[in-house]
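Novice: Starting off with a structure, shown below.
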Amino acid sequence: VVQQIVIKYIKNNLLPYDIAHPNFVTLKVEDTFLHPFEFEVNGVKRTVILEGRADRVDSLDNGLLRIIDYKTGKPRLNYSGIESLFHGEPIATKRESNIINTLLYAMMISHEHGKDVRPELYYVGSMVHDDYSPRFVETIERKSRTLEAYSEVAGEFEEEVKSTLREMFDKSIPFRQCEDSSACKHCDYQTICNRK
């Protein structure tokens, strides 16, 4: 059954969308990559190895690379600025985790290849609509812009990643459970944080 659904999405949604939006070459599919990420905690330099698995990496004819993550469900491509992805309302942040994830992939690929990257989310169920766009839309104070490339948000995004890692690795900052326990229902880490 699952195989039939996947084939249907590919034939009816994904392929027609890609054919209508040509000028790309697929470079990698389901590619795993590692990226050393440096930050500082209380004056001590640290490095973590970030790992990701890209659903697809394309080369676009404008010189950009494109990272694509396939998703099902209702499209979630809008966010209220980079800071909101890390410090917004817990429920909103959970809904926007797909954006954080794809931006992390864009960051890693950008550093690895020395090229700018366009992050996109392919919500396969919605790709049949004429007005569908897989691009992120940032809205701050009623002004919206479509994210053309990772470089537009790279500085702010990487500083937020560093800030998050600093907090995680700083032994003087106690661990805090998230305030909204409903976010914990399907969390992989609930046994670690002992949420009752």
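The values are calculated or read from the model by the stated rules, or taken from the named source; none is laboratory data. Because the structure is a prediction, the values reported are computed rather than measured. Because the Cβ atoms are built from the backbone with ideal geometry, glycine has one as well, and the counts that use them run over all protein chains shown. Accessible surface is based on the protein model in full, side chains and every heavy atom, while ligands, DNA and RNA are left aside. Shrake-Rupley method; radii C 1.70, N 1.55, O 1.52, S 1.80 Å.
Novice: Would you work out which of A149, M107, Y122 lies farthest towards the positive end of the dipole of segment 101-159? Charges go on Cβ: Lys and Arg +1, Asp and Glu -1.
Specialist: Y122
Novice: May I pose another question? Grab the beta carbon distance between E159 and K11, set R0 = 30 Å, and tell me the FRET efficiency rounded to 0.05.
Specialist: It comes out at approximately 0.10.
Novice: Heavy-atom accessible area per residue, segment 99-196, 1.4 Å probe: how many Å²?
Specialist: Per-residue value: 62 Å².
Novice: Rounded to whole Å and ordered largest first, report the semi-axes of the equivalent ellipsoid of segment 1-62 derived from its Cα gyration tensor (root of 5λ).
Specialist: Ellipsoid half-lengths, sorted descending, are 37, 17, 9 Å.
Novice: Also: Mean residue ellipticity at 222 nm from the helices of the chain, using -39,500 (n - 2.57) per DSSP H segment of n ≥ 4 over the full residue count, to the nearest 500 deg cm²/dmol?
Specialist: Calculated at 222 nm, the ellipticity per residue is -9000 deg cm²/dmol.
Novice: Same structure, new question: Top mean-square fluctuation among V44, V29, V124, Gaussian network model of the chain, C-alpha springs under 10 Å?
Specialist: Among V44, V29, V124, the largest mean-square fluctuation in the Gaussian network model of the chain belongs to V44.
Novice: Kindly list the residues of segment 51-72 that lie in the label zone of H21, defined by a backbone N under 16 Å from the point 7 Å along the Cα-to-C-beta vector.
Specialist: 55-72
Novice: Also, I was wondering about something else. I need the per residue convex hull volume for segment 110-186, using only the alpha carbons, in cubic angstrom as a whole number.
Specialist: Convex hull volume per residue, Cα atoms: 209 Å³.
Novice: Can you tell which of R118, R46, R66 shows the greatest fluctuation in a Gaussian network model of the chain with Cα springs below 10 Å?
Specialist: Looking only at R118, R46, R66, the biggest GNM fluctuation is shown by R46.
Novice: On a full-extension model of 0.36 nm per residue, what is the gain between E179 and K143, subtracting their alpha-carbon distance, rounded to one decimal in nm?
Specialist: 10.0 nm
Novice: Using only the alpha carbons, work out the radius of gyration and Dmax of segment 56-157 in angstrom.
Specialist: 13.3, 38
Novice: Stretched out fully, how many nm does the piece from T47 to N78 gain, at 0.36 nm a residue minus the Cα gap?
Specialist: Separation in residues times 0.36 nm, less the Cα-Cα distance, equals 8.1 nm.
Novice: Run the reach check for K185 against lysines, Cα to Cα strictly under 16 Å, same-chain hits fewer than 8 apart removed. What comes back?
Specialist: Straight-distance partners of K185: K94, K196.
Novice: What's the extension gain from E30 to R166 if we count 0.36 nm per residue and subtract their Cα-Cα distance?
Specialist: Stretched fully, the E30-R166 segment lengthens by 45.9 nm.
Novice: Follow-up. Taking a temperature of 10 °C and a viscosity of 1.306 mPa s, what whole-number D in µm²/s does Stokes-Einstein yield for the chain with Rh from Kirkwood over alpha carbon pairs?
Specialist: 86
Novice: In the neighborhood of L65, defined by Cβ-to-Cβ distances under 9 Å, what is the net charge if each Lys or Arg adds +1 and each Asp or Glu adds -1?
Specialist: Every neighbour counted, the sum reads +1.
Novice: Still on this structure, I have one more. Mind jotting down the distance between the C-alpha centroids of segment 52-131 and segment 161-178, whole Å?
Specialist: 25
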